[in-house]
1. Filtering the range 70-88 down to residues that are among the β-branched types (Val, Ile, Thr) and crowded, with 24+ Cβ neighbours inside 10 Å, which residue is farthest from residue 132 (Cα to Cα)?
2. Pairs, please: C-beta under 8 Å, at least 6 apart or cross-chain, first residue at positive phi and in the range 115-140, second assigned to a loop (DSSP other than H, G, I, E, B) and β-branched (Val, Ile, Thr)?
3. Among the numbered conditions (1) at positive phi; (2) surrounded by 21 or more Cβ atoms within 10 Å (Cβ to Cβ), tell me where residue 20 comes up short.
4. How about the range 1-47: which of its residues are modelled with pLDDT under 95 and under 16 Å from residue 216 (Cβ atoms)?
5. If we keep just the residues of the range 120-135 that are outside any helix (DSSP H, G or I) and closer than 21 Å to residue 49 by Cβ, which is farthest from the ligand (Cβ to nearest atom)?
6. Are there helices (runs of 4 or more DSSP H) fully within the range 1-88 with at least 1 residues that are within 12 Å of the ligand (Cβ to nearest atom)? List them.
7. In the range 97-109, is there at least one residue being in contact with a Leu (Cβ under 9 Å, 6 or more places away or on another chain) and closer than 21 Å to residue 217 by Cα?
Amino acid sequence: MSANTQTPAITAGDILALKGKQPIVSLTAYTTPMAQMMDAHCDFVLVGDSVGMVLHGLPSTLGVTMEMMILHGQAVARGLSRAMLVIDMPFGSYEEGPEQAFRNAARLMRETGAAAVKLEGGVEMASTIRFLVARGIPVMGHVGLTPQSINTLGGYKVQGRAEGGAQVLDGARAVAEAGAFAVVLEKVPQVLADEITAAVPIPTIGIGASAGCDGQVLVVDDMLGLFTAFKPKFVKRYGDLGVQAEAAIAEYAAEVRARLFPAAEHVFADQAPSKTSPKD
Ligand code: KIV
């Protein structure tokens with residue numbers, strides 16, 4: 001166990017208090033260096049279960065385990081001293097009921113130092129959220145497209161169109177009434193996102209939702225152009241690092257094959273091997 005036991009500078013209460021004041025900034029992170037780069041710029045950093053698809057090559061988030069979340073949560077915690085750390089509860093770790101959810105949420109927080117958990121679901125998860133919050137676990141909700149339910153939703157479709165909007169709105173209301181400090185709205189129509197933002201007293205964090213949400217979150221590898229298997233419409237590429245990385249790898253490979261790397265400045269000593277100190 002190697003939890004970051006530092007008290008985070010930004011707390012769930014601070015995020016809640018930002019509603020209606022200033023937009024909340026968030027990205028996902030899975031590693032220490034990324035978390036370090038985000039710490040000064042994000043209000044909270046999410047260790048999303050998207051890690052399974054983005055870093056582990058899984059076809060969906062369903063195969064993500066508690067152990068994977070803990071490993072990446074610990075790495076991210078080491079990179080943060082200011083931004084709040086929120087961690088996703090993986091599929092199967094909370095849906096059975098409040099006690100199972102508490103056991104696994106407490107483990108995630110204890111072993112990573114995360115200050116809150118995020119879980120997917122609306123009305124059906126309200127009693128679980130209430131149970132966790134009453135026992136000291138800040139919870140972020142997640143409604144609209146809930147990727148852990150793709151098998152019942154029938155894919156990664158926009159949620160809440162036409163009469164489906166009421167269900168998403170009811171879900172966001174239920175999550176807020178249960179005590180969540182914020183709720184992610186994923187892949188819902190803009191007008192619905194704006195309606196929910198006006199209807200609930202907690203910040204809405206949009207991803208494929210609306211600029212009118214109280215905050216935004218993106219998957220970092222999407223916005224940096226590092227994950228290119230597919231690009232949802234709602235992703236804006238702020239960088240093209242995948243292309244740059246592949247070009248660098250190709251240049252390295254060509255230089256190794258041409259014996260151009262390593263060059264003189266990359267090698268040590270010019271003494272005969274017998275005189276070389278083993279510490280060189
Ligand atoms: O896992 C994830 O990346 C998410 C998104 C909402 C950012 O939950």
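The values are calculated or read from the model by the stated rules, or taken from the named source; none is laboratory data. Note that the structure is predicted; figures quoted are calculated from it, not measured. Using ideal geometry, Cβ is built from the backbone for each residue, glycine included, and neighbour counts are taken over all protein chains shown.
1. If we filter the range 70-88 for residues that are among the β-branched types (Val, Ile, Thr), which is where we start, we get 70, 76, 86-87.
This time we only want the ones that are crowded, with 24+ Cβ neighbours inside 10 Å, so: 76, 86-87.
Working: 76: 23, 86: 14, 87: 14 Å.
Of everything passing the filter in the range 70-88, 76 is farthest from residue 132 (Cα to Cα).
2. Final answer for the pair search is 121/146.
3. Residue 20 satisfies all of (1) at positive phi; (2) surrounded by 21 or more Cβ atoms within 10 Å (Cβ to Cβ) except (2).
4. If we filter the range 1-47 for residues that are modelled with pLDDT under 95, which is where we start, we get 1-9, 20.
Correct list: 20 only.
5. Going residue by residue through the range 120-135, those that are outside any helix (DSSP H, G or I) are 120-122, 135.
Now drop any that are not closer than 21 Å to residue 49 by Cβ, which leaves 120-122.
Values: 120: 8, 121: 12, 122: 15 Å.
Ranking the qualifying residues of the range 120-135, first place goes to 122.
6. Numbers: elements: 12-17, 32-38, 51-54, 66-77.
Filter on the range 1-88 gives 51-54, 66-77.
7. Taking every residue of the range 97-109 in turn, none turns out to be in contact with a Leu (Cβ under 9 Å, 6 or more places away or on another chain) and closer than 21 Å to residue 217 by Cα.
Here's the yes/no breakdown for (1) within 16 Å of the ligand (Cβ to nearest atom); (2) within 26 Å of residue 93 (Cα to Cα); (3) small (Gly, Ala, Ser):
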residue	(1), (2), (3)
148	yes, yes, no
164	no, no, yes
170	no, yes, no
176	no, yes, yes
187	yes, yes, no
208	yes, yes, yes
